[in-house]
1. How many residues are out of contact with any Pro (no Cβ under 8 Å at 6 or more places or on another chain) and in a loop (DSSP other than H, G, I, E, B) if we restrict to region 306-342?
2. Which residue pairs have Cβ atoms closer than 9 Å, lie 6 or more positions apart in sequence or on different chains, and pair a first residue in region 230-246 that is in the same structural domain as L102 (by TED's automatic domain parsing) and among the aliphatic types (A, V, I, L, M) with a second residue that is in a helix (DSSP H, G or I) and within 9 Å of the ligand (Cβ to nearest atom)?
3. What number of residues within region 343-365 are under 14 Å from V41 (Cβ atoms) and part of a helix (DSSP H, G or I)?
4. Are any of the residues in region 310-331 touching a residue at least 60 places away in the same chain (Cβ under 8 Å) and of a type in the set (S, T, N, Q)?
5. Test A244 against the stated conditions and say whether it is among the aliphatic types (A, V, I, L, M), at pLDDT 95 or above and away from the ligand (no atom under 16 Å from the Cβ).
6. Conditions: (1) in contact with a Ser or Thr (Cβ under 7 Å, 6 or more places away or on another chain); (2) within 16 Å of the ligand (Cβ to nearest atom). A259 meets all but one. Number of the miss?
7. Report those helices (runs of 4 or more DSSP H) wholly inside region 177-263 carrying at least 2 residues which are touching a strand residue (DSSP E or B) at 6+ places or on another chain (Cβ under 7 Å).
8. Could you identify the single residue in Y246, Y236, Y273, Y254 that is under 22 Å from A178 (Cβ atoms) and not polar (S, T, N, Q)?
Amino acid sequence: MTSDQDIQKLIRPELIKMKAYAAIEPPEILVRGTGIAAEKVIKLDGNENPYGCSPKVLVALVTYPYYHIYPDPEQRELREALSKYIGLDTGHIVAGSGIDELIDIVLSLLLQPGDKVINCPPTFGMYSFRTEVWAGKVVNVQRRQDFSLDVPAIKKAVDKRTKVIFIASPNNPTGNVATEPEVAELLDTGLVVVIDEAYSEFSGVTMVFSVPRYSNLVVLRTFSKWAGLAGLRIGYGIFPKVIAEYLMKIKQPYNINVAAQVAAIQSLKDVDYLRGTIKKIVAERERLFNRLEKEIKWLIPYPSEGNFILCRVVKGNARTVHQQLRQRGIFIRYFDTPELKGCLRITVGKPQDTDALIAALKEIC
Ligand SMILES: Cc1ncc(COP(=O)(O)O)c(C=O)c1O
């Protein structure tokens, strides 16, 4: 009989050694064992949208009649709607189950075992995690003290095996954007440069319009944040046409489910409503920043162009703060990495979430 050990021998050894991704949990799991009701949770740990999706999305989901039919493998209706939204033709666009899946498809297209991927920490963990899963080698080029990109160091790190550079802009968790000259310099390397714009609707900064001018610039976008659809898993990328064609060829034919497709199309029909929620979140980001800066003296907030604020605990212990907030039903993100030592990331919530958070932080210290 085959034993568990026999099976282990069949598994890729580097995956056995690999560290698992630390993903965030939904409210009903967060509250297990705490005695706090899931609906009472103040969830500021996942950069989700506290206002949820457009009400029109909910109606469209309930009335959609074809859940028993497979989705369009060419994603035509969605790509056409996206084409109108961004102003580039459908040949540049591929949709996926969130940016996470698009990162995967891009890596599966580009990487042979041992090929290198440049990652600029502190940043979103998915780039290094998925590179390892795809048998690539992660080359970390640390950001500078102020979290800006160290472009000369990135260029120096490039060698014959390097295929792709991932840059989040605004960067998660630091909140700053990459500048156009920086990105242009990276594009000069000839590598595929992926700009992850998960939060660009909150910053108003985008590289989308530069895509047709470069054969190596990729921009990834999502409906998870500005459109409040994180649970439905829907994102898209704007690619040079050659890359888009290969991605359409190699992706899973039904990679986005019909519910996600319906919700995304409906969101694009209700952009004015969603712009209203973006405005509220941006205003609340500024209010949260000001209150943290003025009222919580043991913590330094970093300016952010996303829907979250990174803070450094300068007196006390970040882990303890995180735990004490948890006990009060307030969940924020704590980082256990050397470059983010003493840091906490707070998602921008509704005004009442800010008020509850500030009151709790005052109680803690
Ligand atoms: C920079 C960045 N990119 C992508 C994602 C994930 O996007 P999606 O939900 O579309 O997979 C996140 C989520 O937190 C993120 O911070």
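The values are calculated or read from the model by the stated rules, or taken from the named source; none is laboratory data. Everything numeric here is computed off the predicted structure, so don't read it as measured data. Every residue, glycine as well, gets a Cβ built from its backbone with ideal geometry; the counts of neighbours run over all protein chains shown.
1. Residues in region 306-342 being out of contact with any Pro (no Cβ under 8 Å at 6 or more places or on another chain) and in a loop (DSSP other than H, G, I, E, B): 11 in total.
2. Sorted first by the residue in region 230-246, then by its partner, the pairs are A230/G98; L232/G98; I234/G98.
3. The total comes to 5.
4. Yes.
5. So A244 fits the description; yes.
6. (1)
7. Of the helices (runs of 4 or more DSSP H) lying wholly inside region 177-263, those with at least 2 residues that are touching a strand residue (DSSP E or B) at 6+ places or on another chain (Cβ under 7 Å) span 180-187, 241-250.
8. Y236
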